[in-house]
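Novice: Got a structure for you, questions after.
The values are calculated or read from the model by the stated rules, or taken from the named source; none is laboratory data. Everything numeric in this text was worked out from a predicted model, so none of it was measured. Here the Cβ positions follow ideal geometry from the backbone for every residue, glycine too, while neighbour counts run over all protein chains shown. Side chains included, ligands, DNA and RNA excluded: accessible areas come from the protein's heavy atoms. Shrake-Rupley method; radii C 1.70, N 1.55, O 1.52, S 1.80 Å.
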Amino acid sequence: MTTRLLTLIIKEFKAIWKDPRSRFIVTVMPLLQLIVFANAVTMEVKNIDMVVLDNSRSYYSRELISHFANSPWFNSVAVIDTPQQLRESIDTQKASVALEIPGDFVPAIKNKTGAAVQIITDGRQTNSASIIGNYATQIIQGYTKELASSTPPLEIVTRNWFNINLDYKYYSLVSLMAMLSMVIVLLLTSLSIAREKEVGTFDQLIVSPLSSAEILIGKAVPAQLLAWTLTLLMLSISVQFFDFPLNGSLLLFLAADFIALLALVGVGLFISSLCKTQQQAILGVFTFQMPAVLLSGFISPVDSMPVALQYLTYLNPLRFFLAIAKGVLLKDMELQYVALNLLPLTLIAILTLSIAGWTFKSRLE
């Protein structure tokens, strides 16, 4: 049994490596995506174009405008003359934010009656609009403190734990490693059996001495090991080239990654057993991939989702692996809290592998 199984595993490794498309998927694609997306996938908004409708045309209004112009977040700050220009700048997306300074800006400041300025953001990009609005509010509040004659009675000091400078690369790199390894293991496993059916060698596999369990293991092991090795390689690149902090146990992270990949192997084998062609298998992967990413907590927190979708996330291995990866790598999460996420991850792996095995066996019969 061991010899037969080892022969099938070696054969599967060769099939993956000899195929140029599979070789590209395993090596070039994930590493290239990691490097590109690590710089592109960010929740930080920079290079903001801004227009200002300055109805005051005073020293104080020019000082306020200079605070925006000298900010690292803003790329350009243009002063316009009419409300129509303001409206057109936002409508045509030439500017992401507009500031309107009223004509009574100076008297309100001197009389200390409270000056009102209006911030207008492009709500078509909700996340960016919220962040840009916060940037503008911070700048205006800072300028207000400079105008105040006395020191504010309360000073706010903010400290950010586990990510002192709020570098979004730390957050995006963990998520990218998880999602890219997920895509690789899903593609390799889903294409494995479908490829045998498409090229006509599946019947030879059936009449071989291998049992259905041995066939599944032989198809799963190469994809599992390749994706696992790829995760370790991506982590090494993140640490060496992106200064990613490795605060927790590497062995604990790799153990959790191994179990998460097992769960995804079951999903991939299930898809592969249902499909007759590689094209169908790829479509099946994309069908699973998008909901898995959306329900993982990468884009929005799980607690912010509707209750029904929160329950659905308990079937998503990516949700629990992301929690473990962020906790272990960024803040050295204690073992007891890792176990709270590792247990459901293990149950999902058992469930998906069992379903894949049952589906494959029923298809053979």
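Novice: Report, in debye and to the nearest 20, how large the dipole of the chain comes out about its Cα centre when Lys and Arg carry +1 and Asp and Glu carry -1 on their Cβ.
Specialist: My answer is approximately 860 debye.
Novice: Could you rank the peptides 295-307, 181-193 by their average count of other C-beta atoms within 10 Å per residue, with the highest value first? Working shown, then result.
Specialist: Working: 295-307: 13.8, 181-193: 26.2.
Highest-to-lowest ranking by the protection proxy: 181-193, 295-307.
Novice: Taking 0.36 nm per intervening residue step and subtracting the Cα-Cα distance, what contour gain separates L315 from S130 on full extension?
Specialist: Gain in length upon complete extension: 63.4 nm.
Novice: So, one more: For the range 1-95, state which trypsin sites (Lys or Arg not before Pro) are in a DSSP loop and have at most 16 other beta carbons lying within 10 Å of their beta carbon.
Specialist: Details: sites: R4, K11, K14, K18, R21, R23, K46, R57, R62, R87, K94; in loops: K46, R57, K94.
Listed in order of number, the matching sites are K46, R57, K94.
Novice: Let me ask another. Working from Cα positions, state the angle (0 to 90°, nearest 10) between the long axis of helix 28-40 and the longest principal axis of the chain.
Specialist: The angle comes out at about 20 degrees.
Novice: Ok, one more. What share of the DSSP beta bridges in the chain is antiparallel, in percent to the nearest 5? Please list the in-between numbers first.
Specialist: Working: 4 of 15 bridges.
If we restrict to bridges inside the chain, about 25 percent are antiparallel.
Novice: To the nearest 20 Debye, how big is the dipole of the range 280-365 about its Cα centre, given +1 on the beta carbon of each Lys and Arg and -1 on that of each Asp and Glu? Present the calculation step by step, with values, prior to reporting the outcome.
Specialist: On the way: 5 positive and 4 negative charges, 35 e Å.
Value, rounded to 20: 160 debye.
Novice: Moving to a separate point now. Once mean projected area of the Cα convex hull in nm² is worked out from the coordinates, which option in [x] 23.7; [y] 18.1; [z] 20.0 does it equal?
Specialist: [x]
Novice: Is there a quick way to get the dipole size of the range 1-141? I mean about its Cα centre, with the Cβ of Lys and Arg at +1 and of Asp and Glu at -1; what is the value in debye to the nearest 20?
Specialist: The calculated dipole for the range 1-141 is roughly 940 debye.
Novice: May I pose another question? Where the centre of each part is set by its Cα atoms, how far does the range 1-77 sit from the range 83-125, in angstrom?
Specialist: Answer, in whole Å: 31.
Novice: While we're here: Taking a 1.4 Å probe, which of F24, F270 shows the most accessible area, and what order do the others take after it?
Specialist: From most accessible down to least: F24, F270.
Novice: Along the charge dipole of the chain, Cβ charges K/R +1 and D/E -1, which of N134, A115, S22 sits furthest on the positive end?
Specialist: Result: S22.
Novice: Scan the range 1-92 for GluC sites (Glu not before Pro) in coil per DSSP, keeping those whose Cβ has at most 14 other Cβ atoms within 10 Å, and list them by number.
Specialist: E44
Novice: Tell me the per residue accessible area of the chain using a 1.4 Å probe; a whole number in Å² is fine.
Specialist: 54
Novice: Can you give me the % of accessible surface on the chain that is carbon or sulfur? Probe 1.4 Å, all protein chains present, nothing else counted.
Specialist: 61
Novice: Here is a follow-up. To the nearest whole percent, what portion of all C-alpha pairs in the range 162-259 is separated by more than 19 angstrom?
Specialist: 53
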